[in-house]
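Enquirer: Can you keep this structure in mind? I'll have questions shortly.
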Amino acid sequence: MHYLQTNYDTVQKPLFGSPGVGKPKHVLASSDLSPSDVRLTLDTAKLLKRARKFAPKPVTLVENRVLAMIFEKQSLRTRVTFETAMVELGGHAIYLTKSDIDMGNRESVADVAANLSRWCSLIVARLNRHSTLLELAEHSGVPVINALTDGEHPCQALADLQTIEEKLGPGKKKLTYIGDGNNVANSFAVTAAKLGHEVVICSPPGYECEDPVYDYPNVNQSYDPVAAVTGADAVYTDVWVSMGQEDEEQERLQRFANYQVNGKLMSKAKPGAIFLHCLPARRGLEVTEEVIDGPQSVIYDQAENRLHAQKALMKLLLDGVLE
Ligand code: CP
Ligand code: NVA
């Protein structure tokens, strides 16, 4: 039997859980995935992408498993790709917003986690505070996946690296992230570092990534956009004002004004360099239209790969094969 056609009768890991009974593998931050976990996820994603393109019908790999999706913030890509991935795997997803469950107010985070663990096989959560995600995972008997917090966006990073490999091929690359050292940047830098790439984060002083990101010897900080982009194989940016930072908008627009990715800056990168953005984007602020809608942009490939990368991640977590 092919590896992807798992016979669940032979899987030893329980698919439902109670807090404290066995410790599920969570993906709360990019650092939770070992280099071989990242490699396996990207290879599986590539396989699933090919299967989806050429197979007459989706391969159902996790029949009848249910994914609970707790979302405290808005989403287009993350919600649709997780739901679609679960449907195509043969399972089902339940989308739970603040107006549905009001986690932390209507009932405690611990009770939400413990209840969901008795019915569902996976929990995906997009939460305002990373600390709430840690609390949710602590009380969950099933794997919890971070769908974005203020600190991390690990699923985005998997899709980003899948896209980079598709477009640029194997081998070490210079990957430059310009802008806010935010959730997207933290996860991107760590995931890329684990794959052996050279990563340059270029942000204004005070907006660097979290300290542990720079513990990787192949991640460096720059404050000079031209130097950071020179010779880059890929240039990545994200919004200057993330969800929940609306009160800081005016100050941020000023602080980031010199960090826009435009045609002049992109011309410093290698010929054939690609441009990435996790989306949603604010054209005319962090990136100009000529770049994001130009020939170097791979933004819709990135968005598509969210589906394949997350499908692979869920399959591997349900199989219990991640380290
Ligand atoms: N990139 C991303 O996570 O998009 P959404 O906020 O639309 O999910
Ligand atoms: N940094 C952005 C990413 C959105 C996908 C935010 O947190 O709003």
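The values are calculated or read from the model by the stated rules, or taken from the named source; none is laboratory data. What you see is a predicted model, and the numbers here were worked out from it, not measured in a lab. Cβ sites come from the backbone with ideal geometry, for glycine too, and all protein chains shown count toward neighbours. The area values use the complete protein model at the heavy-atom level, side chains included, leaving out ligands, DNA and RNA. Shrake-Rupley method; radii C 1.70, N 1.55, O 1.52, S 1.80 Å.
Enquirer: Does segment 273-292 hold any residues that are within 15 Å of ligand 2 (Cβ to nearest atom), of a type in the set (A, V, I, L, M) and part of a loop (DSSP other than H, G, I, E, B), and which are they?
Expert: Answer for segment 273-292, where residues must be within 15 Å of ligand 2 (Cβ to nearest atom), of a type in the set (A, V, I, L, M) and part of a loop (DSSP other than H, G, I, E, B): Leu279, Ala281, Leu285.
Enquirer: Any residue in segment 172-192 that is at positive phi sitting within a Cβ distance under 7 Å of a residue that is away from ligand 2 (no atom under 13 Å from the Cβ) and not charged (D, E, K, R)? List the pairs, counting only those 6 or more apart or interchain.
Expert: Short answer, once both residue conditions are applied: Gly179/Tyr259.
Enquirer: For segment 221-236, does any single residue satisfy the condition of being modelled with pLDDT of 95 or more, within 16 Å of ligand 1 (Cβ to nearest atom) and open to solvent by less than 20 Å² (accessible area, probe 1.4 Å)?
Expert: Applying the first criterion (modelled with pLDDT of 95 or more) to segment 221-236 yields 221-236.
Applying the additional criterion that residues be within 16 Å of ligand 1 (Cβ to nearest atom) yields 236.
Narrowing the set further to residues that are open to solvent by less than 20 Å² (accessible area, probe 1.4 Å) leaves 236.
Yes: segment 221-236 contains one or more residues that are modelled with pLDDT of 95 or more, within 16 Å of ligand 1 (Cβ to nearest atom) and open to solvent by less than 20 Å² (accessible area, probe 1.4 Å).
Enquirer: Next up: Just the residues that are over 23 Å from Gly263 (Cα atoms) and open to solvent by less than 30 Å² (accessible area, probe 1.4 Å), please, taken from segment 193-206.
Expert: Those that are over 23 Å from Gly263 (Cα atoms) and open to solvent by less than 30 Å² (accessible area, probe 1.4 Å): Ala193, His197.
Enquirer: Same structure, new question: Tell me which residues, restricted to segment 53-75, are open to solvent by less than 30 Å² (accessible area, probe 1.4 Å) and at pLDDT 95 or above. First the steps, then the outcome.
Expert: Start the filter on segment 53-75 by keeping residues that are open to solvent by less than 30 Å² (accessible area, probe 1.4 Å), which leaves 61-62, 67-71, 73.
Matches in segment 53-75: Leu67, Ala68, Met69, Ile70, Phe71, Lys73.
Enquirer: Hey, another quick one. Could you list, in sequence order, all residues of segment 272-303 that are charged (D, E, K, R), open to solvent by 10 Å² or more (accessible area, probe 1.4 Å), touching a residue at least 12 places away in the same chain (Cβ under 8 Å) and within 16 Å of ligand 1 (Cβ to nearest atom)? Explain how you work it out, then say what you get.
Expert: Step one: filter segment 272-303 for residues charged (D, E, K, R), giving 282-283, 286, 289-290, 293, 301.
Retained after the next criterion (residues that are open to solvent by 10 Å² or more (accessible area, probe 1.4 Å)): 282-283, 289-290, 293, 301.
Among the residues that remain, those that are also touching a residue at least 12 places away in the same chain (Cβ under 8 Å) are: 282, 290, 301.
Listed by number, the residues that qualify are Arg282, Asp301.
Enquirer: Then there's this: Scan segment 237-251 for residues that are part of a helix (DSSP H, G or I) and open to solvent by less than 60 Å² (accessible area, probe 1.4 Å) and report the count. Lay out the reasoning, then the answer.
Expert: Looking only at segment 237-251, we keep the residues that are part of a helix (DSSP H, G or I), and these are 246-251.
Still in the running and open to solvent by less than 60 Å² (accessible area, probe 1.4 Å): 249.
Qualifying residue count, segment 237-251: 1.
Enquirer: Just checking, does segment 253-266 include any residue being touching a helix residue (DSSP H, G or I) at 6+ places or on another chain (Cβ under 6 Å), outside any helix (DSSP H, G or I) and among the hydrophobic types (A, V, I, L, M, F, W, C)?
Expert: yes
Let's see how each residue does on (1) touching a residue at least 40 places away in the same chain (Cβ under 8 Å); (2) under 19 Å from Asp32 (Cα atoms); (3) of a type in the set (D, E, K, R); (4) buried (at least 22 other Cβ atoms within 10 Å of the Cβ):
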{"residue": "Arg77", "(1), (2), (3), (4)": "yes, no, yes, no"}
{"residue": "His92", "(1), (2), (3), (4)": "no, no, no, no"}
{"residue": "Asp100", "(1), (2), (3), (4)": "no, no, yes, no"}
{"residue": "Asn105", "(1), (2), (3), (4)": "no, no, no, no"}
{"residue": "Val109", "(1), (2), (3), (4)": "no, no, no, yes"}
{"residue": "Ala125", "(1), (2), (3), (4)": "yes, yes, no, yes"}
{"residue": "Ser131", "(1), (2), (3), (4)": "no, yes, no, no"}
{"residue": "Leu134", "(1), (2), (3), (4)": "yes, yes, no, no"}
{"residue": "Leu158", "(1), (2), (3), (4)": "yes, yes, no, yes"}
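Enquirer: What's the total number of residues in segment 136-156 that are surrounded by fewer than 18 Cβ atoms within 10 Å (Cβ to Cβ) and touching a Leu at 6+ places or on another chain (Cβ under 6 Å)? Steps first, answer last, please.
Expert: Taking segment 136-156 first, the residues surrounded by fewer than 18 Cβ atoms within 10 Å (Cβ to Cβ) are 138.
Now narrow it down to the ones that are touching a Leu at 6+ places or on another chain (Cβ under 6 Å): none.
Here the count works out to 0.
Enquirer: Additional query: For Cys155, all conditions in the list (1) part of a helix (DSSP H, G or I); (2) over 23 Å from Leu42 (Cβ atoms) hold save one; what is the number of the exception?
Expert: (2)
Enquirer: Please enumerate the residues belonging to segment 236-259 that are under 13 Å from Pro225 (Cα atoms) and touching a residue at least 40 places away in the same chain (Cβ under 8 Å).
Expert: As a first pass, look at segment 236-259 and keep what is under 13 Å from Pro225 (Cα atoms): 236-237, 256-259.
Passing the criteria: Tyr236, Thr237, Phe256, Asn258, Tyr259.
Enquirer: Tyr214 versus (1) in contact with a helix residue (DSSP H, G or I) (Cβ under 6 Å, 6 or more places away or on another chain); (2) closer than 17 Å to Gly151 by Cβ: which is the lone unmet condition?
Expert: Answer for Tyr214: the failing condition is (1).
Enquirer: Right, another one. What tally of residues in segment 176-201 results from selecting those that are in a strand (DSSP E or B), away from ligand 2 (no atom under 16 Å from the Cβ) and not polar (S, T, N, Q)? Even if it seems obvious, please write down each step before you answer.
Expert: The initial filter retains those residues of segment 176-201 that are in a strand (DSSP E or B), namely 176-178, 198-201.
The next check asks that each one be away from ligand 2 (no atom under 16 Å from the Cβ); those that pass are 176, 198-200.
Now narrow it down to the ones that are not polar (S, T, N, Q): 198-200.
Within segment 176-201, residues that are in a strand (DSSP E or B), away from ligand 2 (no atom under 16 Å from the Cβ) and not polar (S, T, N, Q) number 3.
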